[in-house]
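Step one of this worksheet: look at the structure below.
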Ligand SMILES: [Zn+2]
């Protein structure tokens, strides 16, 4: 019988025997250019076929479409492998034309596709198993006893201020029992296989491979750690303030002595956004009483209105309207009579005819207006770099791609802009009003940052073997407690596999891009505000209709990945580093408010780097209830609420989309 380790050892041995560098290839750059030109147009065709198949599956989930998608992806893999072998006739690393070297280098990077067919098959089947656990998980609703899916039921219950914390606790535990816990062994196999496959491409492990997309000029992990360290004191301000508001509401007994926030009461299954506890925490609840979502509905907005509003913002900068194909083929609403994947995503079809699409099941809410801008940011990137050769049709780095739409969102969500698009009658020029506004942005954007960091921080150590399968869950919780400052509502053990309860882990989707993007978007925003001639506080800047801002943005987007991102960033912002400084400037007045407010509360600014001990749990909490708890009686305090329960409650996928050129929401 062939064991897994046998299968892994053979290709590795081959790599060792054959050596790695093919130093003897030709340096004839004219021939290389000719070869590349043909490759480039073939690549566009091959990618197009795979993306089409992925799209067809995503908007109509049938066995046949699934089979066709797998076939198309295998064909693409075969093509990439063949061409990678052909490329070895050239000593492309030694070309004098560095642009040509870069094109070859990007074409050479085909990731785990380098591995043999047997491994591909095993890898694909373990990934499918992981995704299936996630996608088919159902949890018993403690109120009704019914089995319900994550979407929409559990997500809605976690977000609902009228659902008791006991019910939320049961959902929190139930979701992890039914998803992550079942996939631990498969995840271990996935890590082994993935690492073995990527070693054939010359990387030590998957962590090194994922980090290579950032072309790091210094230690990437250290750079990320430095960003986090710079930001952490500001996160602590928000953490202590939110704790001071939630403790009296939920009762001290569920707050551990370590000063962690209980993970299940923050309005989100992963505590990655705290926007749903806005009504419990708003600094000046009387000062903001407009419900933007209601206003959208009152004005008769629909999904098309939302897409048109987003398009109009980009167009006002001179970036061009969406293409005819975009409008003809985009799916804005859930399609009737088919199973479809509703996870919002943006797609590049690699034609040169403007075939770009969004797939999204829009609901008319302010959060979805933000999502629409996020996805359209991806489309604008696709449009602007369409003329680049295929290997350069990509973000300067993955964080750039995620940051574009969010940058626009920062301008669109300003009260000033909401007035312009008819969703607010007027703004109130008071400090309290804008502190509320920034606070809402903070619950969504700042609360997310440690979560955006820790997912891949955990995966890097897993891929590198620093965390063994016997430590998977404790290492995960060490980061959750230390970085995010949250604690589990019940004790966890190595029988659990809580990372698997987050879509991107079984979905094998890298995550650090969202962490990077949360800093980059404020850098982009500040730079575009400066170009537009904005004066006054940064948080009030709306660079709508600024051709100067538009030109600068266009220049950055149209470069795609043709240059190192540090050059691209420097051109727009004057700095070569991802920096927290613009974000800190943006939220300055909020941080002043939080500093003062925290002085008047008894909540400490810090929390323990260690999770609460088992003794704390045994002394305070009962095991998750298996019977329905009493009806909920807490108040929801709706007077100061903005846009219903969710400022931006992004929907998480029910199904995996095609991996290729599909940019997912976080
Ligand atoms: Zn995205």
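The values are calculated or read from the model by the stated rules, or taken from the named source; none is laboratory data. Quick caveat, the model's predicted, so the values are computed rather than measured. We place every Cβ from the backbone using ideal geometry, glycine too, and count neighbours over all the protein chains shown.
Just one residue in the set 271, 207, 201 is crowded, with 17+ Cβ neighbours inside 10 Å and in a helix (DSSP H, G or I); that residue is 207. Contact annotation: residue pairs with Cβ atoms under 8 Å, 6 or more positions apart or on different chains, pairing a residue in region 333-348 that is farther than 19 Å from residue 52 by Cβ and in contact (Cβ under 8 Å) with a residue 60 or more places away in the chain with a partner that is away from the ligand (no atom under 13 Å from the Cβ) and outside any loop (DSSP other than H, G, I, E, B), are 342/151. Does region 369-378 include one or more residues that are over 21 Å from residue 214 (Cβ atoms), crowded, with 24+ Cβ neighbours inside 10 Å, more than 14 Å from the ligand (Cβ to nearest atom) and at pLDDT below 95? So far as region 369-378 goes, yes, one or more of its residues are over 21 Å from residue 214 (Cβ atoms), crowded, with 24+ Cβ neighbours inside 10 Å, more than 14 Å from the ligand (Cβ to nearest atom) and at pLDDT below 95. Of the residues making up region 50-64, those that are touching a residue at least 24 places away in the same chain (Cβ under 8 Å) and within 26 Å of the chain's Cα centre (by Cα) are 50, 51, 52, 53, 54, 55, 57, 58, 59, 60, 61.
Among the residues of region 343-358, those that are modelled with pLDDT under 95 and either within 24 Å of residue 134 (Cα to Cα) or within 14 Å of the ligand (Cβ to nearest atom) (or both) comprise 343, 344, 345. Residues that are closer than 19 Å to residue 442 by Cβ and more than 16 Å from the chain's Cα centre (by Cα) within region 264-273 comprise 265, 266, 267, listed in sequence order. Could you please let me know if residue 499 is touching a residue at least 24 places away in the same chain (Cβ under 8 Å) and within 26 Å of residue 605 (Cα to Cα)? For residue 499, the condition - touching a residue at least 24 places away in the same chain (Cβ under 8 Å) and within 26 Å of residue 605 (Cα to Cα) - is not met. Here residue 84 fits the description: at pLDDT 95 or above, assigned to a helix (DSSP H, G or I) and surrounded by fewer than 20 Cβ atoms within 10 Å (Cβ to Cβ).
With respect to the stated conditions, residue 400 fails to be touching a residue at least 40 places away in the same chain (Cβ under 8 Å), buried (at least 22 other Cβ atoms within 10 Å of the Cβ), away from the ligand (no atom under 16 Å from the Cβ) and assigned to a helix (DSSP H, G or I).
In region 408-417, the qualifying residues are those that are within 18 Å of residue 536 (Cα to Cα) and surrounded by 19 or more Cβ atoms within 10 Å (Cβ to Cβ), and the one that is farthest from the ligand (Cβ to nearest atom) is 415.
Among the numbered conditions (1) within 12 Å of the ligand (Cβ to nearest atom); (2) out of contact with any helix residue (DSSP H, G or I) (no Cβ under 7 Å at 6 or more places or on another chain), the only one that residue 363 does not meet is (1). Candidates in region 112-131 are the residues that are surrounded by fewer than 18 Cβ atoms within 10 Å (Cβ to Cβ) and touching a residue at least 60 places away in the same chain (Cβ under 8 Å); of these, the one that is nearest to residue 564 (Cα to Cα) is 116.
Considering only residues in region 308-342 that are within 16 Å of the ligand (Cβ to nearest atom) and modelled with pLDDT under 95, the one that is surrounded by the fewest Cβ atoms within 10 Å (Cβ to Cβ) turns out to be 341. Looking across 300, 318, one residue alone is farther than 30 Å from residue 66 by Cα and touching a helix residue (DSSP H, G or I) at 6+ places or on another chain (Cβ under 6 Å). It is 318. Residue 256 fulfils the conditions (1) outside any loop (DSSP other than H, G, I, E, B); (2) more than 21 Å from the chain's Cα centre (by Cα); (3) surrounded by 20 or more Cβ atoms within 10 Å (Cβ to Cβ) except for a single criterion, (1).
The residue that is modelled with the lowest pLDDT, counting only those in region 605-625 that are surrounded by 13 or more Cβ atoms within 10 Å (Cβ to Cβ) and within 18 Å of residue 251 (Cβ to Cβ), is 625.
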